[in-house]
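Following: one structure in structure tokens, then a few remarks.
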């Protein structure tokens, strides 16, 4: 008699978005897919910065963060102190409908902090 190995359920994310393989791959694909459009490229740049934070943390910027990126974050409604997951979701929602955006949205939802 053989037994099937059970796979453990995925643990909730405790580290930054970029440490999650699915989110990191979807983000990289999104960066490439949105490179040609300046507005969408700026949105993926904000996502890149947010990717260094954990889903359950708050938005904060380091001193010296690129002023153009900060200005674009403001246009997306991303503000200091806002929950990072909410900010990431707003950025993803601002990207054009595409397979890469769908993958990024799914990876983002999978990392939603548990309430």
Task: Taking 111, 76 and counting other C-beta atoms within 10 Å, the order from fewest to most - done: 76, 111
Task: Footprinting exposure proxy for 57, 30 (fewest neighbouring C-beta atoms within 10 Å first) - done: 57, 30
Open item on the list: Compute a Gaussian network model of the chain, connecting alpha carbons closer than 10 Å, and tell me which residue from 53, 35, 18 fluctuates the most.
Closed with: 35
Task: Overall form of the range 51-115 per C-alpha gyration tensor (a/c, 1.5; a/b vs b/c) - done: oblate
Task: Spacing of the two label points (7 Å from each Cα toward its C-beta) at residue 71 and residue 112, in nm - done: 3.4
TODO: May I ask you to sort 100, 48, 43 by Cβ crowding, counting other Cβ atoms within 10 Å and putting the fewest first?
DONE: 48, 100, 43
Task: Förster-model FRET efficiency, 25 Å R0, residue 57 and residue 29, C-beta, rounded to 0.05 - done: 0.55
Task: Relative contact order %, the chain, counting alpha carbon pairs below 8 Å whose residues are six or more apart - done: 31
Task: Most mobile of 32, 64, 81 in a GNM of the chain (Cα contacts under 10 Å) - done: 64
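No lab work stands behind these numbers, since they all come straight from the coordinates. Predicted model only: the values in this text are computed from it and were never measured. Cβ sites come from the backbone with ideal geometry, for glycine too, and all protein chains shown count toward neighbours.
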